[in-house]
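The values are calculated or read from the model by the stated rules, or taken from the named source; none is laboratory data. Predicted model only: the values in this text are computed from it and were never measured. Neighbour counts run over all protein chains shown; Cβ positions are idealised from the backbone, glycine included. Heavy atoms of the whole protein, side chains included, go into the accessibility calculation; ligands, DNA and RNA do not. Shrake-Rupley method; radii C 1.70, N 1.55, O 1.52, S 1.80 Å.
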Amino acid sequence: MLARGASRCCQTLRPALSRTPVRYGKVQRRRYSMPSSAAAPVSPSSVGVLAPFTNELDKIAPSFRIQGSQISIIKSPADFYDTLKTKIRGARRRIFLSTLYIGKSEQDLIATLQDSLRANPDLKLSILTDALRGTREAPNPSCASLLAPLITEFGPDRVEIRMYHTPNLTGLRKRHIPKRINEGWGLQHMKLYGIDDEIILSGANLSTDYFTNRQDRYHLFSSKEVTGYFEGLYRGVTSLSFQVEPSKTPSGFELVWPAENAAPSPLEDPKQFISNSTAVVNSLISPKEALQAPAAGKEGTAPDTTVYMLGQLSQLLKPDTSTELPAVSHVLQTLSAPQYAGSSWTFTAGYFNPAPSLTNLLMSTASSNCTVITASPQANGFYGSKGVSGMLPDAYTLLARRFLEAIHRQKREAAIVLKEWRKGTVGEPEGWTYHAKGLWITLPKENSPSMTIIGSSNYTKRSYSHDLEAGALIVTENAELKKRLGEEQVWLQDYAKPVSLEDFTRTDRRVGLHVRIAMWIVKAVGGAL
């Protein structure tokens, strides 16, 4: 039912490419009624040690029951890019790609999309990026100018390029906040790479570093239902986004607001934009209908894995009914019960600034042998950057030190270790950056994780208040999938080493007053790290 609903939703919500668009002016508005998502029930075999998790998760987020064999785990940036291009070349009906940005020089990716569109006249392509990041370099070459020629070649009936703009950055704030840091007020951050009936969930964007030397996570779901659900969410956001049109201006493109969009422009009427977007998005992420029977697996076998659909779209929702933070919080709260004293977890975030509530929950679990992985300053994507952004690696260093201090105060050193990931130095030959994020849970008396979270979220205050995030919480009884999750958890630590409070006393790890002031300024004016 949910898959059919998502399909209907996609057809209803897909904004018609307006022949009379409105350019940053008043718009005609048409409100859309959208079907609610449905969740699949937990199988009887989940009763027991998993039941305290799944019983509540069923109330928080929509879900599907699938086979663990329908989830593939991709290891390296190069493998991710090869898989993505292979799927694009084989696409028959649809390609939808949601990312923060596509690198302005990604000619190889564009050529792959062109080849697939030329080979198959029935194929349709839709791309969603962030407007601030996607147009930052304009009128010089940018993500928008890279993508606009696709519309020129294949027409608006086959190619749709959308760019989401936050309602939090308007007026004087938009005019005066520097482009390098204005993303702190909110971004389109979902990473959804859907091709026909398969989808890759990741934290990776679509640019050369993410294809070569920036470590992330990537899970491929070969499921019509999972893919259809995320396309429905994708279409909901595109109906709230600007449309890119080719132009003969120096930048090579225009951003227009189609009359068919589900809300007025966020730059013209941010309050009404949020009011309309709440109605659009709330029905997509909330499990309001009765639970549906689980779909049969291959050859009639019972499904052994539940995939919970997580969406954190706080800036579009008033009141906020996002599902990711409640789901993560519930999982960690459950781990605080004495019966999970033999459990363990691994948490990773490339930009280490967990929301305070999550930091407290991580340290309050009954688990032992727990690991936190984050990027070392030399593996941080902002390392060596100019201006305020160049202070971010030091800011994250300060936050990591505070985390270790909290562990020390709560006497949890024996249970939780912090590791920094480093493979060379950013900007130098063979230097990599670290951008992976996620959570793995291994239950008592087990050797491999039964649960993991995969997606775009960095688990920060900004993720839970400013950005648009999407991901999945996987709960599995499939022994092979557990094994593969355990291997993923291990290989991400191949270049990670433990750090202690003593390490932060070294001269090269000390954080200057200017960094603390910069952090304060960003928060004071409404942004978030």
- Give me the orientation-averaged projected area of the Cα convex hull of the range 162-272, in nm², one decimal. 9.3 nm²
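When the chain is fully extended, how far beyond the present Cα-Cα distance does S364 get from V490, taking 0.36 nm per residue of separation?
Working: separation 126, 0.36 × 126 = 45.36 nm, distance 2.36 nm.
Full extension of this stretch gives 43.0 nm more.
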- Based solely on C-alpha atoms, express the radius of gyration and the Dmax of the range 368-432 in angstrom. 13.8, 41
- Once the Cα gyration tensor of the range 423-501 is found, what semi-axes does its equivalent ellipsoid get, as square roots of 5 times the eigenvalues, in whole Å, sorted largest first? 25, 20, 12
- Task: Project the alpha carbons of the range 110-209 onto their principal axes and report the range along each, largest first, in whole Å.
- Result: 46, 29, 26
- Message: Keeping every protein chain present and rolling a 1.4 Å probe, give me the accessible area per residue for the chain in Å².
- Response: 39 Å²
- Note on the structure: Computed on Cα atoms only, the convex hull of the range 398-529 has an orientation-averaged projected area in nm² of 11.0 nm²
- Expressed in nm to one decimal, what extension gain is obtained for the pair S222 and K483 from 0.36 nm per residue of sequence separation less their Cα-Cα distance? 92.1 nm
- Where labels lie 7 Å past Cα in the beta-carbon direction, separation of S275 and R516 in nm: 4.5 nm
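In whole percent, and with a 1.4 Å probe on the protein chains, what portion of the accessible area of the chain is carbon and sulfur?
So the carbon and sulfur contribution to the accessible surface is 52 percent.
Quick one: if the Förster radius is 60 Å, what FRET efficiency do R409 and A302 give, using the C-beta to C-beta distance and rounding to 0.05?
0.80
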- Relative frequency of Cα-Cα separations exceeding 47 Å in the chain, percent: 7 percent
- Message: I want to check the label-to-label distance for Q333 and D157. Put each point 7 Å from Cα in the C-beta direction and report it in nm to one decimal.
- Response: 5.2 nm
- Query: Using r as the Cβ-Cβ distance of T321 and D196, and R0 as 35 Å, what FRET efficiency do you calculate, to the nearest 0.05?
  - Reply: 0.70
- Message: Output needed: percent of Cα pairs per 5 Å distance bin for the range 146-185, bins running from 0 to the one holding the longest distance.
- Response: 5, 20, 20, 11, 10, 15, 16, 3
- Selection from I73, G471, F352 lying farthest towards where the dipole of the chain points positive, charges on Cβ: F352
- Kindly provide the Kirkwood hydrodynamic radius of the range 416-464 in Å, to one decimal, from all pairs of distinct alpha carbon atoms. 13.8 Å
- Query: In the range 322-418, what trypsin sites (Lys or Arg not before Pro) fall in a loop by DSSP, with at most 12 other Cβ atoms inside 10 Å?
  - Reply: K386, K411
- Query: Using the beta-carbon distance between E430 and A111 and R0 = 22 Å, what value does 1/(1 + (r/R0)^6) give for FRET efficiency, to the nearest 0.05?
  - Reply: 0.20
- Query: Add -39500 (n - 2.57) for each DSSP H run of 4 or more in the chain, then divide by its residues: what number comes out at 222 nm, to the nearest 500 deg cm²/dmol?
  - Reply: -9500 deg cm²/dmol
- Span from the the range 303-381 Cα centroid across to the the range 114-133 one, whole angstrom: 33 Å
- Note on the structure: Note: K445 to S76 extended length (0.36 nm per residue) minus current alpha-carbon separation gives 129.8 nm
- Where nothing but the Cβ of Lys and Arg (+1) and of Asp and Glu (-1) is charged, how large is the charge dipole of the range 135-271 around its Cα centre, in debye to the nearest 20? 720 debye
- Item | Relative contact order (percent, whole number), the chain, Cα cutoff 8 Å, 6+ residue spacing | 20 percent
- Among the DSSP beta bridges whose two residues both lie in the chain, what percent are antiparallel, rounded to the nearest 5? 70 percent
- Over 22 Å (Cα to Cα) among K248/K271; K174/K437; K87/K124; K85/K224; K104/K437 -> K248/K271; K174/K437; K104/K437
- Note on the structure: Eigenvalues of the alpha-carbon gyration tensor of the range 63-133, times 5 and square-rooted, give semi-axes in Å, largest first, of 22, 17, 14
- For the range 216-252 and the range 184-202, write down the distance between their C-alpha centroids in whole Å. 7 Å
- What is the spin-label model distance, in nm, from S247 to A119 if the labels are put 7 Å beyond Cα along the C-beta direction? 3.5 nm
- In debye, nearest 20, what is the charge dipole magnitude of the chain about its Cα centre with +1 on Lys and Arg Cβ and -1 on Asp and Glu Cβ, if you could check? 1280 debye
